[in-house]
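Read through the structure below, which is laid out as structure tokens, and then see the notes.
The values are calculated or read from the model by the stated rules, or taken from the named source; none is laboratory data. Remember, it's a predicted structure, so these values are computed and weren't measured experimentally. Virtual Cβ from ideal backbone geometry, glycine too; neighbours counted across all protein chains shown. Keep in mind that these areas ignore ligands, DNA and RNA; they rest on the heavy atoms of the full protein, side chains included. Shrake-Rupley method; radii C 1.70, N 1.55, O 1.52, S 1.80 Å.
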Amino acid sequence: MAGDFVLLNILLYVLGTELPKDIIPDYFKMNPKIIVLAANFALVISEYFFHTIIHHRRVTFTAITMRVCKLVICQSLIMFVFLRFMSDGGRFFEMMVIFTVIYLVLILFTRLIERIVLRTYRKKGGNTRSIVFIGNDPANLMLYREMTDDPTTGYIIKGYYSNGFIEDCPPEFEKLGTISDLDKEIGLNYSFFSNEKEKKTITEESDFQLNLVDEIFCCLSHDDSEFISRIMKFCDNHIIHFHYVPRMYGNVLLNLKPERFGKFSLFTNLREPLTYMSNKFIKRTFDIIFSSIVCLCMLPFIPIIALIIKWQSPGPMFFKQARTGLNGKTFMCYKFRSMHVNKDADKIQATADDPRKFSFGNLMRKTNLDEFPQFFNVLKGDMSIVGPRPHMLLHTEMYRKVIDKYMVRHFSRPGITGYAQVTGFRGETKEQWQMEERVKRDIWYIENWTFGLDLKIIFLTFKSIFINDKNAY
């Protein structure tokens with residue numbers, strides 16, 4: 001953070017002395033102290049909300065980049081607004097654009113250097129954390145792999161204690177002993193030894209594995225609550241951080257998230273970002289604005305599309321179908337009709353060589369043109385631009401019985417496009433595993449929604465219009 005302030009003031013000095021005189025606003029030349037004060041004050045506020053996160057052990061450079069972008073944009077906006085109130089203007093915008101771009105590049109470069117230095121230091125053994133696991137639940141193995149995927153995170157895994165063995169465990173993740181062995185070691189509470197020499201002798205003779213451990217990750221049943229309590233007391237007495245790892249039930253990780261209910265702390269297995277009113281407002285506002293623009297642009301082309309559909313296939317211009325929407329409620333989904341009128345429309349999915357399709361309908365399906373009437377569904381509030389794709393009622397009834405968490409996807413408004421569709425799971429689902437993967441991606445989207453993720457999915461969807469998708473039929 002100190003480096004950010006140093007860079008900021010160096011940049012202000014360089015811009016004030018090196019930029020051509022016709023670019024620098026007169027106010028910048030006449031009031032340099034106010035400029036410096038405003039810039040640093042804006043950075044103080046921005047650092048409070050978007051300070052550096054390079055020290056986090058599990059953080060991607062993408063996350064760091066997003067954080068830096070928010071920091072610099074916030075700083076520049078606050079500084080710009082403050083100075084505009086203080087002056088009469090004059091080339092302020094051009095100056096702030098130059099300042100923002102250069103400062104963004106400088107901060108990103110320094111973050112990269114700092115991250116490389118930190119990782120190199122950790123690789124050489126500095127700033128490390130020694131870890132011991134307790135229990136043979138598969139959740140411990142998942143956490144171990146997460147910690148060791150990137151060796152520069154600085155985790156040193158000593159091993160695990162358990163009465164059994166962890167299945168499919170790599171040889172490096174060794175078993176240190178049984179729960180009884182751990183209980184004996186906890187009993188050697190060396191904080192009461194008379195001196196360091198006695199403590200060292202006892203711990204060496206007993207092969208004390210918990211010596212110099214920084215963190216313990218425990219994944220035991222709640223039936224072992226008394227023993228878990230002993231472990232927690234041991235950790236408190238020896239300044240070791242204790243973590244309880246939620247167990248796996250079958251092949252499902254019990255991923256509980258904390259929430260408050262009055263003075264009580266509760267845990268829920270699902271907390272969606274779109275339950276927050278601010279996020280709902282952002283998403284719905286974007287849906288209305290974007291859909292309104294698309295509908296207005298589409299109006300002149302509707303008569304042309306209608307004529308071509310009528311020419312190639314007798315029947316209505318629009319195809320409407322009952323589908324499952326938000327909270328499991330049924331709504332009518334609209335599309336341009338791309339198939340001949342048939343009795344199997346609500347029973348059978350479209351296939352690659354489906355004889356029900358006519359030529360223009362096939363083209364519409366490949367380019368997503370048939371989906372455009374769903375923007376009217378978005379304006380009505382039945383759908384969103386991005387979300388889990390709505391399924392016909394027959395599929396909802398069929399898959400809810402055989403796919404775990406299938407109905408969770410209905411906690412969100414269905415979308416014209418979705419995360420599953422842009423990651424390869426679009427179109428016909430010939431086998432159950434394809435629908436299971438689609439559901440996993442839908443639930444991931446619900447749990448990890450951001451406005452930036454929506455924009456990314458929209459971009460990838462538009463990209464598929466020009467680059468043929470093999471699953472589009």
Given the conditions (1) assigned to a helix (DSSP H, G or I); (2) in contact (Cβ under 8 Å) with a residue 24 or more places away in the chain; (3) in contact with a Ser or Thr (Cβ under 9 Å, 6 or more places away or on another chain); (4) open to solvent by 20 Å² or more (accessible area, probe 1.4 Å), and given that residue 57 satisfies all but one, which numbered condition is not satisfied?
(1)
Of the residues in the range 289-315, those that are open to solvent by 70 Å² or more (accessible area, probe 1.4 Å) and either among the basic types (Lys, Arg) or in contact (Cβ under 8 Å) with a residue 60 or more places away in the chain (or both) come to 310
I'm told residue 368 meets every condition in (1) over 16 Å from residue 390 (Cβ atoms); (2) open to solvent by less than 40 Å² (accessible area, probe 1.4 Å); (3) modelled with pLDDT under 85 except one. Can you identify the failing condition by its number?
(1)
Of 94, 47, the only residue that is among the acidic types (Asp, Glu), assigned to a helix (DSSP H, G or I) and touching a Leu at 6+ places or on another chain (Cβ under 8 Å) is 47
If I ask for residues that are modelled with pLDDT of 80 or more, open to solvent by less than 50 Å² (accessible area, probe 1.4 Å) and either in contact with a Cys (Cβ under 9 Å, 6 or more places away or on another chain) or more than 19 Å from residue 396 (Cβ to Cβ) (or both), which ones from the range 425-469 would you list?
449, 452, 453, 454, 457, 458, 461
Going by the structure shown, is residue 92 modelled with pLDDT under 95, in contact with a Lys or Arg (Cβ under 8 Å, 6 or more places away or on another chain), surrounded by fewer than 17 Cβ atoms within 10 Å (Cβ to Cβ) and not small (Gly, Ala, Ser)?
yes
Hits in the range 97-118 - residues which are among the charged types (D, E, K, R) and surrounded by fewer than 17 Cβ atoms within 10 Å (Cβ to Cβ):
114
Go through (1) in contact with a Pro (Cβ under 8 Å, 6 or more places away or on another chain); (2) under 19 Å from residue 417 (Cβ atoms); (3) without any contact (Cβ under 8 Å) to a residue 40 or more places away in the chain for residue 326 and report which single condition fails.
(3)
How do the pairs read when you match residues in the range 139-158 that are within 13 Å of residue 215 (Cβ to Cβ) with residues anywhere that are at pLDDT below 85 and among the aliphatic types (A, V, I, L, M), using Cβ under 9 Å and keeping only pairs 6 or more apart or on different chains?
158/210
Report, ordered by the first and then the second residue, all pairs with beta carbons closer than 7 Å, sequence separation of six or more or different chains, a first member in the range 334-358 that is under 28 Å from residue 295 (Cα atoms) and open to solvent by 40 Å² or more (accessible area, probe 1.4 Å), and a second member that is of a type in the set (S, T, N, Q) and not in a loop (DSSP other than H, G, I, E, B).
334/374; 334/377; 346/321
Got a number for residues in the range 1-44 being within 36 Å of the chain's Cα centre (by Cα), part of a helix (DSSP H, G or I) and loosely packed, with under 15 Cβ neighbours inside 10 Å?
8
Any chance the range 306-319 includes a residue that's touching a strand residue (DSSP E or B) at 6+ places or on another chain (Cβ under 7 Å) and not aliphatic (A, V, I, L, M)?
yes
Restricting attention to the range 383-424, which residues are closer than 25 Å to residue 464 by Cβ, open to solvent by 40 Å² or more (accessible area, probe 1.4 Å), in a loop (DSSP other than H, G, I, E, B) and not basic (Lys, Arg)?
423, 424
Tell me, yes or no, whether the range 61-81 has at least one residue that is closer than 27 Å to residue 148 by Cβ, open to solvent by 20 Å² or more (accessible area, probe 1.4 Å) and of a type in the set (Val, Ile, Thr).
yes
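Okay, residues lined up against (1) among the basic types (Lys, Arg); (2) at pLDDT 85 or above; (3) outside any loop (DSSP other than H, G, I, E, B):
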{"site": "172", "(1), (2), (3)": "no, yes, no"}
{"site": "204", "(1), (2), (3)": "no, no, yes"}
{"site": "210", "(1), (2), (3)": "no, no, no"}
{"site": "220", "(1), (2), (3)": "no, yes, no"}
{"site": "224", "(1), (2), (3)": "no, yes, yes"}
{"site": "230", "(1), (2), (3)": "yes, yes, yes"}
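Which is assigned to a loop (DSSP other than H, G, I, E, B) and within 15 Å of residue 182 (Cβ to Cβ), of 136, 140, 127? Explain how you work it out, then say what you get.
On the way: 140 fails: assigned to a loop (DSSP other than H, G, I, E, B); 127 fails: within 15 Å of residue 182 (Cβ to Cβ).
None of the other options fit; the residue is 136.
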Determine which single condition residue 432 fails, assuming it passes every other condition in (1) within 22 Å of the chain's Cα centre (by Cα); (2) in contact (Cβ under 8 Å) with a residue 24 or more places away in the chain.
(1)
Out of 140, 136, I need the residue that is buried (at least 17 other Cβ atoms within 10 Å of the Cβ) and farther than 29 Å from residue 61 by Cα. Which one?
136
